[in-house]
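The values are calculated or read from the model by the stated rules, or taken from the named source; none is laboratory data. Being a predicted model, the structure only gives us computed values, none of them experimental. Using ideal geometry, Cβ is built from the backbone for each residue, glycine included, and neighbour counts are taken over all protein chains shown. Protein only, heavy atoms only, side chains kept; ligands, DNA and RNA dropped before computing areas. Shrake-Rupley method; radii C 1.70, N 1.55, O 1.52, S 1.80 Å.
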Amino acid sequence: MPGIDLHTHSSVSDGTETPTELIEAAVEAGLDAVAITDHDSTGGWAEAFEAARGTGLTVIPGMELSTNFGPASVHMLAYLFNATDGGVIAETASIRDGRLHRAERIVERIGADYDLTWDDVLATSSDGGTLGRPHIADALVAKGIVSSREEAFGNLLNWRGKYYEKYYAPDPLAGVRMIVAAGGVPVLAHPATYGKYRPMDDRFIGKLRDEGLFGLEVGHRDNTDEGKERLRKLAKKLGLEITGSSDYHGDGKPNRLGEHTTDPEVLEKLIARGTGTSPYRG
C-alpha cells in the first residue's frame with residue numbers, strides 16, 4: 001500500500017529534525033507522500049522541497065494552524081495554501097508572537113520553583129523556529145528536572161496546571177475561512193483526543209464544513225477508539241473526507257512516520273481542491 005503521511009513536524013516548529021532530515025526519514029520509511037505541517041509556519045517548505053529533489057517523494061506543503069475554541073486549543077491542518085497570502089502572514093505572525101511571550105511567562109513561573117531560565121529554552125530551539133511548550137519541555141529534560149517531554153506535559157506543562165497560560169489564536173471558523181481564502185484545504189487535526197475537544201460538537205463541525213472544511217484526521221494515535229467511531233459516522237453524515245497521519249516529531253514524540261496513513265484517493269481529492277500552491281514531486 002502506498003504510504004501517505006499528512007502530518008509531520010520539523011525543527012522549524014517543535015520537531016527534532018531539520019526539514020532535510022525529515023524528508024530523509026520519510027524516504028527511508030518508504031513513504032510515497034509526506035506533508036510538512038509545522039506549527040503556524042511555512043519556514044520549512046523550501047528546504048523540504050530541495051531535500052526531496054530526485055527522491056520520488058511527493059511533498060505536500062502545509063501547516064498546523066493554532067485556533068482556540070473556548071478553553072480548548074484546536075489545531076487545524078492547512079494544505080496547499082498560498083504562503084504569501086497577506087492574511088496568512090499577518091495571522092500566523094500574531095500567533096507566533098503570542099506563543100513566544102506566553103512561553104516566556106510560563107518559564108518565568110516555572111523558574112520561581114525550579115532551576116529553569118529563558119536562555120535554557122532558547123538553547124533547545126532552532127533559529128526562526130516557532131517557540132512553545134515543547135521547547136520548554138526539552139529544556140526541562142536537559143536540566144534533569146523531568147525525564148521526557150511526556151513527563152513534562154503530564155506535569156509541569158499540563159494545561160490544567162498552575163504554570164499554564166493560553167496564547168492568542170483565532171477561532172476555528174476564522175481559521176477555516178482564512179485557509180480557504182488563501183486557496184488552501186483545511187482538515188481538523190486529531191479531533192477526538194481524550195475528550196479534550198468535546199466542546200466542539202457535531203453541529204459546530206457542520207459549520208466548519210459549510211465554510212470549507214475538507215476533512216477530519218481520524219487516523220491518529222491520540223484519538224480514542226470511541227472518538228474515531230464517532231468521527232467516521234460524522235464524516236459520512238457531513239460528507240467530509242477522512243485522513244490519517246503520524247504527527248511525527250522526530251525524537252520529540254514516540255509517533256513514527258507512516259503509523260497512520262491517508263488513502264491515495266483522498267490525497268487526490270485534496271490536491272484537486274487546493275489552489276494556493278502545488279505539491280512538490282521529487
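Tell me which residues, restricted to the range 251-276, are of a type outside the set (Gly, Ala, Ser) and closer than 18 Å to ALA83 by Cα.
Of the residues in the range 251-276, the ones of a type outside the set (Gly, Ala, Ser) are 251, 253-257, 259-271, 273, 275.
Once the filter is applied, which keeps residues that are of a type outside the set (Gly, Ala, Ser) and closer than 18 Å to ALA83 by Cα, the range 251-276 yields LEU270, ILE271, ARG273, THR275.
Among the residues that make up the range 96-108, is at least one of them touching a strand residue (DSSP E or B) at 6+ places or on another chain (Cβ under 7 Å), crowded, with 22+ Cβ neighbours inside 10 Å and closer than 30 Å to LEU173 by Cα? Can you show your working first?
Restricting attention to the range 96-108, the residues satisfying the condition of being touching a strand residue (DSSP E or B) at 6+ places or on another chain (Cβ under 7 Å) are none.
Within the range 96-108 (the criterion being touching a strand residue (DSSP E or B) at 6+ places or on another chain (Cβ under 7 Å), crowded, with 22+ Cβ neighbours inside 10 Å and closer than 30 Å to LEU173 by Cα), the answer is no, since none of the residues qualifies.
Output yes when any residue across the range 92-100 is assigned to a loop (DSSP other than H, G, I, E, B) and more than 13 Å from the chain's Cα centre (by Cα), and no when none is.
Quick first cut of the range 92-100, residues assigned to a loop (DSSP other than H, G, I, E, B) only: none.
No, every residue in the range 92-100 fails to be assigned to a loop (DSSP other than H, G, I, E, B) and more than 13 Å from the chain's Cα centre (by Cα).
Cβ-Cβ distance below 7 Å, separation of 6 or more or different chains: which pairs start in the range 223-241 with a residue that is closer than 13 Å to ASP201 by Cα and of a type in the set (Ser, Thr, Tyr) and end on one that is open to solvent by less than 40 Å² (accessible area, probe 1.4 Å) and outside any helix (DSSP H, G or I)?
Nothing qualifies.
I'd like the residue in the range 209-228 that is modelled with pLDDT of 95 or more and among the acidic types (Asp, Glu) and, out of all such residues, is nearest to GLY258 (Cα to Cα).
GLU217
Within the range 133-161, can you find the residues that are without any contact (Cβ under 8 Å) to a residue 24 or more places away in the chain, outside any helix (DSSP H, G or I) and of a type in the set (A, V, I, L, M)?
Correct list: VAL146 only.
Of the residues that make up the range 236-245, is at least one open to solvent by less than 20 Å² (accessible area, probe 1.4 Å) and more than 24 Å from ASN68 (Cβ to Cβ)?
First, pick out the residues of the range 236-245 that are open to solvent by less than 20 Å² (accessible area, probe 1.4 Å): 240, 243-245.
When the remaining residues are screened for being more than 24 Å from ASN68 (Cβ to Cβ), the result is 244.
Checked the range 236-245: at least one residue is open to solvent by less than 20 Å² (accessible area, probe 1.4 Å) and more than 24 Å from ASN68 (Cβ to Cβ).
Restricting to the range 251-282, give me the number of residues that are in contact with a helix residue (DSSP H, G or I) (Cβ under 9 Å, 6 or more places away or on another chain), at pLDDT 95 or above and either closer than 25 Å to ILE179 by Cα or outside any loop (DSSP other than H, G, I, E, B) (or both).
7
Looking only at residues in the range 159-170 that are open to solvent by 40 Å² or more (accessible area, probe 1.4 Å) and more than 12 Å from ILE95 (Cα to Cα), which one is modelled with the highest pLDDT? If you could, list the steps in order and put the result at the bottom.
From the range 159-170, those open to solvent by 40 Å² or more (accessible area, probe 1.4 Å) are 159-160, 162, 164, 166, 168; that's our starting set.
Still in the running and more than 12 Å from ILE95 (Cα to Cα): 159-160, 162, 164.
On the way: TRP159: 80, ARG160: 82, LYS162: 92, TYR164: 89.
So, considering only residues that are open to solvent by 40 Å² or more (accessible area, probe 1.4 Å) and more than 12 Å from ILE95 (Cα to Cα), the one modelled with the highest pLDDT is LYS162.
Out of the range 130-145, which residues are open to solvent by less than 10 Å² (accessible area, probe 1.4 Å) and over 17 Å from HIS39 (Cβ atoms)?
Hits for the range 130-145 are ALA139, LEU140.
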